[in-house]
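Have a look at the structure below before the remarks.
Values in this text are rule-based calculations from the coordinates and carry no lab data. Every value quoted in this text rests on a predicted model; they were computed, and no experiment measured them. Heads up, the Cβs are rebuilt from the backbone with ideal geometry, glycines too, and the neighbour counts pull from every protein chain shown.
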Amino acid sequence: MDVADNTVALVTKHCGLQLELYQRCVTHNPENWDIKCITQKRALAKCSEDNVPIIKHVKEMCDPFIKDYDACVMKNQKDPTICLEPLKRLFHCTEEHGKLPLSGPPRAADPKSTSTSPSGENPAGSNYGYRGGV
């Protein structure tokens, strides 16, 4: 399974309800889904970011490219093909930062194997994983 398939599987697993509600809203509002479904879109984005660490990482690393592309699309709604260059830059950023480490996808912490330092804190890097979740 590649990174994209794994990411979709994790979003579906952890945010299935939000994904279904967003899809249903888009289907029922074909002419103005981008306006009518903003609440569902935000709920799906928040759930995905909270439960799929690679999404949060890519959003943080590629934020300037995301903003640049979004601004271009908003400015050129009648001809979004004008935004191909910002889209390419965003794509390259997500390709660069969306790769999983050789050890595979981040895993939820196993409560039985969670180790702490003498100060009672988790060792560096051990918080990289899912926060809560199903």
Open item on the list: Taking 0.36 nm per residue of sequence separation and subtracting the Cα-Cα distance, how much length would be gained by fully extending the chain between D63 and A45, in nm to one decimal?
Closed with: 5.1 nm
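Taking a threshold of 23 Å on the Cα-Cα distance, which of the pairs K36/K56; K46/K67; K36/K88 fall above it? Could the numbers behind the result be given before it?
On the way: K36/K56 25 Å; K46/K67 17 Å; K36/K88 28 Å.
Among K36/K56; K46/K67; K36/K88, the Cα-Cα distance tops 23 Å for K36/K56; K36/K88.
Averaged across orientations, what area in nm² does the convex hull of the alpha carbons in segment 34-73 project? List each step's numbers first, then the result.
Numbers: hull surface 12.4 nm².
Taking the Cα atoms of segment 34-73, their convex hull projects to 3.1 nm² on average.
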Task: Among I55, N32, A9 - extreme Cα towards positive end, dipole of segment 2-80, charges at beta-carbon - done: N32
TODO: Within the set of other residues whose C-beta is less than 14 Å from the C-beta of F65, count the net charge using Lys and Arg as +1 and Asp and Glu as -1.
DONE: -3
Open item on the list: Can you give me the distance in nm between label points at K36 and Q77, each placed 7 Å from the Cα along the Cα-to-Cβ direction?
Closed with: 1.6 nm
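What does the charge count around K36 come to, taking other residues whose C-beta lies under 14 Å from its C-beta (Lys +1, Arg +1, Asp -1, Glu -1)?
Working: positive: R24, K41, R42; negative: E31, D34.
Once positives and negatives cancel, what remains is +1.
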TODO: Taking the Cα atoms of segment 1-52, report the difference between the largest and smallest coordinate on each principal axis, in whole Å and largest first.
DONE: 35, 20, 14
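Whole-Å semi-axes of segment 1-88's equivalent ellipsoid, largest first, each the root of 5 times a Cα gyration tensor eigenvalue?
Working: eigenvalues 107, 78, 25 Å².
Taking √(5λ) for each eigenvalue gives 23, 20, 11 Å, largest first.
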